[in-house]
Amino acid sequence: MSPHSRMRSVLFAPASRPDVLRKLPRSGPDAVVLDLEDAVPPDGKVEARRHAREVGTELAVAHPELAVLVRVNARSSDWFTADVRDALAPALFGVVVPKVEAVADVEAVAGSLEDAGLSTLAVLAGIETAAGVARVEELLRPPVSAAYFGAEDFIADMGGTRTEAGIEVLYARSRVALAARLTGVHAIDQIVASFDDDERFLVDGREGQAIGYRGKLCIHPAQVRLANEIFSPSADELDRARRLLAAYEQARRAGEAAIAFEGQMVDQPMARRARATLELDDTTPDDVAEQGR
Amino acid sequence: MSPHSRMRSVLFAPASRPDVLRKLPRSGPDAVVLDLEDAVPPDGKVEARRHAREVGTELAVAHPELAVLVRVNARSSDWFTADVRDALAPALFGVVVPKVEAVADVEAVAGSLEDAGLSTLAVLAGIETAAGVARVEELLRPPVSAAYFGAEDFIADMGGTRTEAGIEVLYARSRVALAARLTGVHAIDQIVASFDDDERFLVDGREGQAIGYRGKLCIHPAQVRLANEIFSPSADELDRARRLLAAYEQARRAGEAAIAFEGQMVDQPMARRARATLELDDTTPDDVAEQGR
Amino acid sequence: MSPHSRMRSVLFAPASRPDVLRKLPRSGPDAVVLDLEDAVPPDGKVEARRHAREVGTELAVAHPELAVLVRVNARSSDWFTADVRDALAPALFGVVVPKVEAVADVEAVAGSLEDAGLSTLAVLAGIETAAGVARVEELLRPPVSAAYFGAEDFIADMGGTRTEAGIEVLYARSRVALAARLTGVHAIDQIVASFDDDERFLVDGREGQAIGYRGKLCIHPAQVRLANEIFSPSADELDRARRLLAAYEQARRAGEAAIAFEGQMVDQPMARRARATLELDDTTPDDVAEQGR
């Protein structure tokens with residue numbers, strides 16, 4: 001698993017603002033997204049593409065532990081082709097594709113990346129329309145390796161309204177998380193628009209974590225610390241994972257497929273989960289994200 | 001789009017009570033339903049059919065802005081055939097079919113209407129059984145142009161219980177709204193049984209609006225004003241829609257497919273949505289509903 | 001319908017503890033499950049199988065009104081085959097299969113039971129993984145006649161967290177109940193882990209009842225009385241069911257297919273539901289469950 005598979009915090013900024021982009025690593029996010037879509041007006045797309053490619057490469061080189069991605073415009077937009085051609089670069093970790101809502105979208109993205117010699121880029125799909133949610137089970141498949149649920153755009157597409165309690169998106173938010181789990185896709189939870197309300201972010205983020213999300217979209221640097229906290233394992237969880245793995249490895253060396261650990265049988269899926277837990281830890285040696293702060 | 005596509009408030013009354021039916025327009029509903037099903041006992045069906053046809057036609061002629069519909073009994077009932085034959089009339093806006101739960105139901109309704117020379121009638125489908133919810137994605141298709149979610153019947157069919165918080169129907173209510181959105185069907189939200197509790201109706205109705213419903217079933221005239229309020233756009237929304245459409249039309253006349261409007265790209269779907277918003281407005285000139293009060 | 005189709009309360013205990021197993025009927029559960037899975041460590045499985053078979057048979061013979069089941073280990077585990085071979089017996093009411101998540105699981109269970117000459121045993125499927133929930137519509141089919149939703153295992157599999165409010169499992173819990181309703185499978189609701197918190201159990205159980213569940217998993221004898229209370233019809237409901245059935249039977253004897261009862265048409269499905277309501281009653285003569293206490 002790549003160190004980039006973590007992505008507890010995914011921080012967005014407009015690709016049109018190179019000064020803002022260069023400061024993105026400061027708050028300690030696991031991933032940053034240089035955004036060509038919502039945040040950039042039509043007449044700024046061309047210049048923003050150049051910033052995305054240049055600053056994206058710069059950030060990826062300077063912060064190898066940081067997952068650097070560029071969000072292109074939706075495949076159905078007039079900008080998609082030029083976005084892929086001019087804004088992406090091999091040094092990036094991946095590309096974020098908003099409003100994915102048909103298998104053809106996923107295939108087109110894969111094809112475009114291949115044509116551009118960028119098949120190594122990870123694809124993060126935005127599920128944020130009625131059609132995207134209704135077909136999420138078929139959309140989350142290779143090359144898609146991560147996905148976010150975009151509650152604001154989804155509910156706008158439904159003709160509904162976002163509320164603080166959020167019951168209006170619970171069905172969609174739950175369904176996206178389940179589909180992601182089934183295909184091994186890293187699920188990233190909805191934004192919290194009120195970026196100066198820490199309590200709101202924590203409540204909403206913990207809900208997302210409870211449902212099964214692994215990280216959260218951040219629209220402000222102040223949200224990054226909170227997201228990292230929400231999606232990090234506790235000391236107890238880390239400790240248990242370390243002990244479980246030690247027992248499992250010992251059993252394997254002894255030639256046994258399954259072992260008893262604290263009254264439960266430990267099998268390969270449980271060992272895998274324990275390893276994933278340890279990878280989420282900020283204090284593990286291979287995690288250089290913290291050093292970049 | 002027909003002016004009848006609005007249907008923020010859909011007021012029901014027993015077809016067996018012509019006196020009540022004649023008063024229905026008074027509270028200002030967007031749609032009225034002359035009900036042959038739940039509200040009419042078996043021995044009253046024949047006479048109720050006659051009232052539905054006569055008073056239905058009378059209301060439709062006197063109030064061209066009002067969507068007048070008749071609810072027949074379920075397709076599986078012994079009354080369905082005679083209901084279609086004797087209770088419907090060409091002057092009506094449409095027919096409401098309760099407990100739709102199989103594609104065969106939809107096809108049978110379409111066939112019956114055609115045989116009766118009534119293919120012009122809109123079909124409003126009741127999704128209110130376990131099977132209806134489980135197959136809603138295939139049921140909401142032509143000739144169905146509108147659908148309501150019947151929470152009381154659904155939960156009775158599930159063997160469950162309706163509660164005020166309503167979490168027991170959130171899954172079904174959300175799924176029906178999503179299916180409706182995908183097929184362009186007008187989604188109408190569940191009833192509130194306690195018809196003298198305005199606060200309850202407002203809370204429940206705003207939840208439905210947040211989820212994506214466009215209107216609400218009303219079982220009492222006092223609920224109509226509340227439903228119209230919940231599902232009407234605000235002054236700000238109307239203003240924005242007018243400005244957006246003006247900019248879009250100007251761009252189209254100049255030969256451009258997409259334009260920037262207040263920092264966002266405006267495309268055809270957004271223009272369509274803006275037009276739909278304006279059509280929901282009570283104060284637009286073509287809305288004669290208010291004059292009928 | 002078998003008297004065992006009731007299962008309002010389904011009480012679990014480790015098959016490794018014959019002393020505990022023998023006391024299970026005391027709290028008055030509708031069903032008891034002698035558990036070979038979670039509660040029994042790997043090195044205790046062989047002995048636990050023997051207890052399950054012996055005490056299971058003993059309980060079934062002594063308490064014919066009690067549904068006695070054995071929970072085997074998951075089909076994917078190394079223990080499944082020996083569990084079926086050594087722990088089951090013809091006197092049992094059924095077998096509980098945890099973590100059912102593929103049609104192949106259901107088929108393998110059916111095949112194993114047939115090979116063992118135990119096809120008469122009822123199959124209760126545990127839906128408690130992401131894959132199980134995602135495929136629940138195809139899993140709940142013969143020979144599965146009952147199913148439980150395992151919230152703790154499901155959310156662990158999702159990588160999420162159980163909370164008291166429980167919104168993180170509402171989607172899955174609702175979907176399982178709907179699938180069960182459609183295939184006539186008896187749906188049994190999630191456990192409440194805090195077994196000394198009656199209020200918590202009542203709130204959670206009433207939610208499950210509202211959604212459409214017919215019974216609840218119990219992990220402590222003190223929960224049995226509460227489950228029986230939650231899933232029993234009220235005196236009013238019983239009274240109505242009795243009157244409805246009387247009217248229906250009278251009409252049938254008179255050769256009529258449908259009758260009016262208190263303003264509503266009564267058809268066969270309603271009569272069936274009324275009968276099911278009466279069967280849930282503790283005070284009906286054929287209910288010997290109470291005598292066993």
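The values are calculated or read from the model by the stated rules, or taken from the named source; none is laboratory data. No experiment lies behind these values; they were computed from the predicted model shown. Cβ sites come from the backbone with ideal geometry, for glycine too, and all protein chains shown count toward neighbours. Protein only, heavy atoms only, side chains kept; ligands, DNA and RNA dropped before computing areas. Shrake-Rupley method; radii C 1.70, N 1.55, O 1.52, S 1.80 Å.
For C:S77, work out the one condition from (1) at pLDDT 95 or above; (2) open to solvent by 10 Å² or more (accessible area, probe 1.4 Å); (3) outside any helix (DSSP H, G or I) it doesn't fulfil.
(1)
Taking only the range B:248-272 into account, find how many residues are buried (at least 16 other Cβ atoms within 10 Å of the Cβ), at pLDDT 65 or above and either aromatic (F, W, Y) or closer than 22 Å to A:A156 by Cα (or both).
Total meeting the criteria: 6.
Can you name the residue in the range A:80-109 that is in contact (Cβ under 8 Å) with a residue 40 or more places away in the chain and not acidic (D, E) and, of all such residues, is surrounded by the most Cβ atoms within 10 Å (Cβ to Cβ)?
Top of the filtered list is A:V100.
Checking A:F195 against (1) away from chain C (no Cβ under 13 Å); (2) touching a strand residue (DSSP E or B) at 6+ places or on another chain (Cβ under 6 Å), which single condition isn't satisfied?
(2)
For the range C:273-293, which positions are assigned to a helix (DSSP H, G or I), modelled with pLDDT under 70 and open to solvent by 50 Å² or more (accessible area, probe 1.4 Å)?
C:E290, C:Q291 - these are the residues of the range C:273-293 that are assigned to a helix (DSSP H, G or I), modelled with pLDDT under 70 and open to solvent by 50 Å² or more (accessible area, probe 1.4 Å).
Pick out the one residue from B:S119, B:S112 that is open to solvent by 10 Å² or more (accessible area, probe 1.4 Å) and farther than 28 Å from B:D43 by Cα.
B:S119
Within the bounds of the range A:235-254, is there any residue that is outside the structural domain of A:Q190 (by TED's automatic domain parsing) and either part of a strand (DSSP E or B) or among the hydroxyl-bearing types (S, T, Y) (or both)?
yes
Could you please tell me which pairs satisfy a Cβ distance under 7 Å, a separation of 6+ or placement on different chains, a first residue in the range B:47-71 that is under 17 Å from B:T81 (Cα atoms), and a second residue that is surrounded by 24 or more Cβ atoms within 10 Å (Cβ to Cβ) and charged (D, E, K, R)?
Cβ pairs passing all conditions: B:R49/B:D83; B:R71/B:D35; B:R71/B:E37.
How many of the residues in the range C:113-141 are farther than 30 Å from A:A134 by Cβ and in a loop (DSSP other than H, G, I, E, B)?
The qualifying residues number 6.
Could you go through the range A:156-171 and let me know if any residue there is closer than 17 Å to A:R8 by Cβ and touching a helix residue (DSSP H, G or I) at 6+ places or on another chain (Cβ under 9 Å).
no
Just checking, which of A:L178, A:L217, A:L226, A:L182 is open to solvent by 50 Å² or more (accessible area, probe 1.4 Å) and not assigned by TED's automatic domain parsing to the domain that holds A:A274?
Just one listed residue meets the conditions, A:L182.
Give the range B:56-66 a look and list any residue that's open to solvent by 50 Å² or more (accessible area, probe 1.4 Å) and β-branched (V, I, T), or say none.
B:V61 - this is the single residue of the range B:56-66 that is open to solvent by 50 Å² or more (accessible area, probe 1.4 Å) and β-branched (V, I, T).
Quick one: A:D157 ticks every box in (1) assigned to a helix (DSSP H, G or I); (2) of a type outside the set (A, V, I, L, M); (3) under 19 Å from the mean Cα position of the chain (by Cα) except a single one, so which number is it?
In the conditions (1) assigned to a helix (DSSP H, G or I); (2) of a type outside the set (A, V, I, L, M); (3) under 19 Å from the mean Cα position of the chain (by Cα), A:D157 misses (3) alone.
Output the number of the condition that C:R162 fails; it satisfies all remaining conditions of (1) within 20 Å of the chain's Cα centre (by Cα); (2) open to solvent by 10 Å² or more (accessible area, probe 1.4 Å); (3) of a type outside the set (A, V, I, L, M).
(1)
Considering only the range A:36-48, how many residues are closer than 15 Å to A:F12 by Cα and either part of a helix (DSSP H, G or I) or open to solvent by 10 Å² or more (accessible area, probe 1.4 Å) (or both)?
4
Please go through the range B:173-226 and pick out each residue that is over 20 Å from A:D153 (Cα atoms) and assigned to a loop (DSSP other than H, G, I, E, B).
Within the range B:173-226, B:Q190, B:I191, B:V192, B:A193, B:S194, B:F195, B:D196, B:D197, B:I219, B:H220, B:P221 qualify.
Checking C:F231 against (1) within 11 Å of chain B (Cβ to nearest Cβ); (2) closer than 26 Å to C:D153 by Cα; (3) surrounded by fewer than 19 Cβ atoms within 10 Å (Cβ to Cβ), which single condition isn't satisfied?
That leaves (3) as the condition not met.
Confirm whether A:E65 is under 19 Å from the mean Cα position of the chain (by Cα) and within 14 Å of another protein chain (Cβ to nearest Cβ).
Criteria not met by A:E65.
Count, please, the residues in the range C:20-47 that happen to be of a type outside the set (D, E, K, R) and more than 14 Å from C:V72 (Cβ to Cβ).
Adding up the residues that qualify gives 12.
Would you mind stating whether B:A147 is in contact (Cβ under 8 Å) with a residue 12 or more places away in the chain and touching a helix residue (DSSP H, G or I) at 6+ places or on another chain (Cβ under 8 Å)?
Here the answer is yes, as B:A147 does meet what is asked.
If C:D83 satisfies all but one of (1) under 22 Å from C:V55 (Cα atoms); (2) more than 14 Å from chain A (Cβ to nearest Cβ), what's the number of the condition it fails?
Looking at each condition in turn, C:D83 falls short on (2).
Out of B:R71, B:R26, B:R53, B:R6, I need the residue that is away from chain C (no Cβ under 14 Å), surrounded by fewer than 23 Cβ atoms within 10 Å (Cβ to Cβ), charged (D, E, K, R) and under 21 Å from B:G215 (Cα atoms). Which one?
So the residue among B:R71, B:R26, B:R53, B:R6 that is away from chain C (no Cβ under 14 Å), surrounded by fewer than 23 Cβ atoms within 10 Å (Cβ to Cβ), charged (D, E, K, R) and under 21 Å from B:G215 (Cα atoms) is B:R26.
What number of residues within the range A:196-214 are in contact (Cβ under 8 Å) with a residue 24 or more places away in the chain, open to solvent by less than 60 Å² (accessible area, probe 1.4 Å) and closer than 20 Å to A:Y171 by Cβ?
Qualifying residue count, the range A:196-214: 7.
Going through the range C:1-59 one residue at a time, which ones are of a type in the set (S, T, Y) and over 17 Å from the mean Cα position of the chain (by Cα)?
Of everything in the range C:1-59, those that are of a type in the set (S, T, Y) and over 17 Å from the mean Cα position of the chain (by Cα) turn out to be C:S16, C:T57.
Look at C:E138 and say whether it is open to solvent by 10 Å² or more (accessible area, probe 1.4 Å) and charged (D, E, K, R).
Here the answer is yes, as C:E138 does meet what is asked.
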